[in-house]
1. Label point 7 Å out from A:Glu58 along Cα-to-Cβ: which residues of region A:100-134 have amide N under 16 Å?
2. Summarise the partner chain shielding of A:132-144 as one whole number: the mean count of Cβ atoms from other chains within 10 Å of each residue's Cβ.
3. Please state the relative contact order of region B:2-131 as a whole percent: Cα pairs under 8 Å, 6+ residues apart?
4. So for chain A, averaging the separation of alpha carbon pairs under 8 Å that are six or more residues apart and normalising by length, what relative contact order in percent results?
5. Give the average, rounded to an integer, of partner chain Cβ atoms located within 10 angstrom of each Cβ in B:88-99.
6. If you average the alpha carbon positions of region B:21-100 and of region A:96-115, how far apart do those two centres end up, in angstrom?
7. How do A:Thr85, B:Thr22 line up, fewest other C-beta atoms within 10 Å first?
8. Where does helix B:113-125 land angle-wise versus the long Cα axis of chain B, in degrees 0 to 90, nearest 10?
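A short reminder: the numbers here are calculations on the coordinates, not readings from a lab. Computed from a predicted structure; not experimentally measured. Please note: Cβ atoms are built from the backbone with ideal geometry, for glycine as well, and neighbour counts cover all protein chains shown.
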Amino acid sequence: MLKEKFPTLGWRRLLPHLSYTFAVEKVSRACSHQLVRHRVASFSQQSQRYITVKRLKERVVTPPTVDDMDAFRGLVMEASDAYQTLVDAGVPKEDARFVLPNATETSLLMTMTGSALFHFYGLRCCNRAQWEIRGLADAMLAQCRDAEPELFDNAGPYCYMLGYCPEGRFTCGGMEEAVERYTPGGRG
Amino acid sequence: MRLELVAHTPNVETMIATSMLTTTSGAQPGTLYDRLLNKPGKVKEIVGRAEVQHGNILEHNCLVWLLEATDGEVLEAALDTSFLKFTRLDENLWLLSGNLRTVVEYAQRKKTPLTDALAASAKNVAPDIRFLEEEER
């Protein structure tokens, strides 16, 4: 819409004035902790001070690398029992939540400018990003590309946007594959 | 100084209500937004309860204006608040953007022709946000 009003103004100059709001649902608290490190953004997150966590065992995010499901589920069950015991004993929810794991699901509204979003994709679509936030970044990018392909076909991990990997000695070594994956019409 | 609103986020008050309910209800934000979209009365009632202390609820939107102003006027505004974004289009012509929280807090802190114009313009977008009323500023 803004581009139509100012057709001669390049995308890069418009980016700070563009705004995108996402409903981010059922991610782990570990993921939301990473999200809020992107400071040039706005967040409204489900509050554990006001919302009682019910049926925790059904509302956790399980990493795909967890082989010993019994150990993982057992600890979640213990946390769930401890949380409920505390709430039942009259401990305020804001204090009972201290026993909840990082795996606990959460949902939030997140708003970023176009500039902040390009930086977010640069970092979080990278192969070195943690799997959950990388999956979220990929899903967000897919929606942005549907909405504004002319702009967001240029977005992706920094190696895709810059033409080189800025990660230095931490590089994944997979730049060629990443660039191909994010190139429209690539392997997707 | 002349200010003209050229674009804004759609359904600004629905988004504010969604943001308010997201923090305090167990429902998913996408579901809340969809439910509220066709309930203007409910949205009006919810945003009427908003407290400006929880400023983040006013941040999920963006208003974009064309601003005719001198370098001095823009410098003053840029020094007053770091959350307004300016892009120069011509000698005295600027693209200006910000969210409702920025407008509300700036207008409450300082009364100038620019803050008056920003608040009046934002009032058209979010008529039920009482912080934009003259008596609340």
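1. Inside the label zone: A:105-106.
2. Partner Cβ neighbours, averaged per residue: 0.
3. Computed value for region B:2-131: 30 percent relative contact order.
4. That works out to 26 percent.
5. Rounded to a whole number, the mean comes out at 2.
6. Distance between centres, Cα-based: 22 Å.
7. A:Thr85, B:Thr22
8. The angle comes out near 30 degrees.
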